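Visitor: Below you'll find the structure I mean.
The values are calculated or read from the model by the stated rules, or taken from the named source; none is laboratory data. Since we're looking at a predicted model, the values are computed, not measured. Cβ coordinates were reconstructed from backbone atoms using ideal geometry, including for glycine residues, and neighbour counts include every protein chain displayed.
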Amino acid sequence: MKITHVISAQFPVAAYGGTERAAYWLGKAQAEMGHEVSYLCRPGSEFAFAKAIPLPEQISDITPLLPPGTDFVQFYSTPSYRCDAPYLVCIQGNGQAGEQFLPNTVFVSANHANRHGWTEFVHNGIDLEDYPMDLGKKELGALFLAKASWSVKNLKGSIRIAKAAGVPLHIAGGKAACWHRGVISHGMVGGQTKLDLIQKTEALLFPVIWNEPFGIAIIEVLACGAPVIATPRGSLPEIVDSTCGVLADSFDGLVAGLMKRKKFDPEACRARVENHFSHRKMAEKYLFYYEKIRRDGKLRDGNPATPKDADPEKKIYYQDY
């Protein structure tokens, strides 16, 4: 199959960018499976496994830009332009109140889909070759890996939890004020620097206070053999089970979970990703949906939508973590 991904991003991804990374790994898996893959993306992009085609900033019809014979197109946001080829839209974030989506749309977890009145979803996946385990490096304590400035990720709560557990906290994901003893900020990191932090951490601390659509950081850390200590919000119960972490809905429960971080088997943490969240697993389910759309002309009847009364700030949990 000739597949074209359309995403306004530059590749390879330098630092933060969960959607961009998912798009990269998906195309890589499809290429490994024998499909011909192209990306319509920002100028200057390069791929070892796919063709890069510059995506104009202003466009009304994407069809003429598609490689001849394109069988399927994948978007990562609802397109505002014409596309005559069969297509699917992957939505990675939470929608705005009352937002409507196209029928050929999938989400990134069952919870994420359900909150938009839908059932179709594909869990994100990573290429495990990018995340080798190095058990000799487990020495850093806990890791906060998210946008530090985004309040729903709950950096303040993470600092309180780590302090109560007596565990050093390393922050990766932007600048953060670190006047607290035992808190080390690494700023926005990517590449080998980010991988080193993930390989060295003893646990990911993820006490989010919103419905997390997916959370690629979770499976990145699990792949490197460390457990996840998190709140049971959004997709988290689909990703983290008792073999690879603790989900707790209270401050004390999160502290207790972090204190148990060394009791988890690193191989079990990695196996959770290998069995459920690899880039090949992701590609297989997307291809299933591609074939359904090519066969039936659509994914299903109806339109997913965000409820009109959805919290505009998306902060729906305010427990004192």
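Visitor: Does residue 234 satisfy the condition of being within 15 Å of the chain's Cα centre (by Cα) and at positive phi?
Guide: yes
Visitor: Show me the strands (runs of 3 or more DSSP E) found entirely inside region 87-198 where at least 2 residues are surrounded by 19 or more Cβ atoms within 10 Å (Cβ to Cβ) and either charged (D, E, K, R) or at pLDDT 90 or above (or both).
Guide: 87-90, 142-145, 169-172
Visitor: I've got another one for you. Only residues that are in a loop (DSSP other than H, G, I, E, B) and either in contact with a helix residue (DSSP H, G or I) (Cβ under 9 Å, 6 or more places away or on another chain) or closer than 22 Å to residue 85 by Cα (or both): list them for region 18-46, please.
Guide: Scanning region 18-46 gives 33, 34, 35, 42.
Visitor: Residue check, residue 49 against (1) at pLDDT 95 or above; (2) outside any loop (DSSP other than H, G, I, E, B), all met but one. Which one?
Guide: (2)
Visitor: Is there a residue being touching a helix residue (DSSP H, G or I) at 6+ places or on another chain (Cβ under 6 Å) and of a type in the set (Ser, Thr, Tyr) anywhere in region 51-69?
Guide: No: region 51-69 contains no residue that is touching a helix residue (DSSP H, G or I) at 6+ places or on another chain (Cβ under 6 Å) and of a type in the set (Ser, Thr, Tyr).
Visitor: Quick check, is residue 250 touching a residue at least 40 places away in the same chain (Cβ under 8 Å), among the hydroxyl-bearing types (Ser, Thr, Tyr) and buried (at least 21 other Cβ atoms within 10 Å of the Cβ)?
Guide: It is false that residue 250 is touching a residue at least 40 places away in the same chain (Cβ under 8 Å), among the hydroxyl-bearing types (Ser, Thr, Tyr) and buried (at least 21 other Cβ atoms within 10 Å of the Cβ).
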